[in-house]
Amino acid sequence: MAPERIVILTGAGLSAESGLGTFRGKGGLWDEYDLEEVATPEGFARNPVKVHDFYNMRRRWLREACPNAAHFALAKLEREHSGEVLIVTQNIDPLHEAAGSKAPIHMHGELASALCAYCCASRPWTEDLSLATDCPACGESGYMRPDVVWFGEMPREMERIYAALAKCDLFVSIGTSGTVYPAAGFVAEAQGAGAHTVELNLDPSEGASLFAEKHYGAATEIVPAFVESLLKP
Ligand code: OAD
């Protein structure tokens with residue numbers, strides 16, 4: 001029977017062929033940068049300049065990055081599937097939206113957004129951030145930070161995500177190593193709800209054995225093929 005409610009989880013592997021780096025494995029960002037230094041609130045408190053530099057560099061990468069065939073295939077699934085499709089991404093890039101996806105949940109926040117830690121206002125941001133950046137909402141200086149979720153902070157929209165997982169028929173995990181919770185636990189939630197579970201990745205993730213169906217290869221090849229198989233009558 002065709003699935004009615006689909007939840008898709010995406011990770012860095014989805015955007016790898018768009019030129020944005022992954023985190024783990026050879027050449028990954030965590031090879032070159034210390035996660036504790038650039039992706040924790042404590043690291044930001046210790047050395048905000050270093051953290052701003054890291055995210056400014058990644059924000060600049062966005063100027064060159066375009067969505068790839070896998071992002072477009074997922075947007076097509078959203079448009080053409082007769083039931084519900086919820087895309088939950090760990091990615092902070094805006095490539096799902098650029099491909100036409102309506103409202104992906106950015107559970108780890110958004111790189112093209114800045115947050116004021118003083119007044120909590122957030123707004124779209126494409127330029128560099130620094131300690132000298134004034135908050136456009138409250139005018140305070142020194143409080144602007146990337147609008148992303150760091151290790152030790154609460155991922156976004158978890159209630160909505162768990163509600164969708166509890167009633168989905170199909171859960172698909174794409175381009176993620178399955179090492180970071182809570183996202184790494186979604187497959188077990190979906191399985192507990194009776195959903196069929198599928199992994200689409202370059203190679204088996206940490207949690208590969210939990211998935212009922214697996215396809216390995218480049219996202220730009222295996223994601224469009226999987227979407228077509230779902231949409232065919
Ligand atoms: P990882 O870098 O941990 O894993 C990327 C996965 O994508 C790996 O399993 C690769 O095999 C796979 N991959 C690489 N290229 C691919 C391709 N062309 N097609 C398909 N798959 C490919 O990235 P995430 O799992 O997304 O969090 O990382 C999760 C979180 O850890 C991130 O959101 C970030 C990071 O630390 C924070 O910074 C809070």
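Worth pointing out:
- Filter result for residue 92 (within 16 Å of the ligand (Cβ to nearest atom), in a loop (DSSP other than H, G, I, E, B) and touching a Lys or Arg at 6+ places or on another chain (Cβ under 9 Å)): yes
- Residues of the range 132-143 classified as at pLDDT 95 or above and either in contact with a Phe, Trp or Tyr (Cβ under 9 Å, 6 or more places away or on another chain) or surrounded by 12 or more Cβ atoms within 10 Å (Cβ to Cβ) (or both), total: 8
- Among (1) at pLDDT below 95; (2) within 18 Å of residue 77 (Cβ to Cβ) - the single one residue 164 does not satisfy: (1)
- Qualifying residue in the range 177-188 (condition: surrounded by 18 or more Cβ atoms within 10 Å (Cβ to Cβ) and either in a loop (DSSP other than H, G, I, E, B) or assigned by TED's automatic domain parsing to the domain that holds residue 52 (or both)): yes
- Scanning the range 1-24 for residues being outside any loop (DSSP other than H, G, I, E, B) and away from the ligand (no atom under 12 Å from the Cβ) gives a total of 4.
- Top-ranked residue in the range 177-191 [being more than 10 Å from the ligand (Cβ to nearest atom) and touching a residue at least 12 places away in the same chain (Cβ under 8 Å); ranked as farthest from residue 155 (Cα to Cα)]: 191
- Of the set (1) in contact (Cβ under 8 Å) with a residue 40 or more places away in the chain; (2) surrounded by fewer than 14 Cβ atoms within 10 Å (Cβ to Cβ); (3) assigned by TED's automatic domain parsing to the domain that holds residue 177; (4) of a type in the set (A, V, I, L, M, F, W, C), all apply to residue 49 but (3).
- Selection from the range 218-227 of residues that are part of a helix (DSSP H, G or I) and either without any contact (Cβ under 8 Å) to a residue 12 or more places away in the chain or farther than 19 Å from residue 4 by Cβ (or both): 219, 220, 221, 222, 223, 224, 225
- Qualifying positions in the range 130-155 - farther than 26 Å from residue 30 by Cα and either of a type outside the set (Ser, Thr, Tyr) or within 16 Å of the ligand (Cβ to nearest atom) (or both): 132, 134, 135, 136, 137, 138, 139, 140, 142
- Qualifying residue in the range 118-127 (condition: aliphatic (A, V, I, L, M), touching a residue at least 12 places away in the same chain (Cβ under 8 Å), away from the ligand (no atom under 15 Å from the Cβ) and not in a loop (DSSP other than H, G, I, E, B)): no
- Residue pairs meeting the criteria (Cβ under 6 Å; at least 6 apart or on separate chains; first at positive phi, in the range 16-42; second in a loop (DSSP other than H, G, I, E, B) and surrounded by 15 or more Cβ atoms within 10 Å (Cβ to Cβ)): 19/65
- Residue, surrounded by the fewest Cβ atoms within 10 Å (Cβ to Cβ), within the range 195-233, restricted to residues that are modelled with pLDDT under 95 and among the charged types (D, E, K, R): 232
- Reported count of residues in the range 193-217, each being under 14 Å from residue 9 (Cα atoms), near the ligand (Cβ under 9 Å from one of its atoms) and not in a strand (DSSP E or B), is 1.
The values are calculated or read from the model by the stated rules, or taken from the named source; none is laboratory data. What you see is a predicted model; the values in this text were computed from it and never measured. All Cβ positions, even for glycine, are placed from backbone atoms using ideal geometry, and neighbour counts span all protein chains on display.
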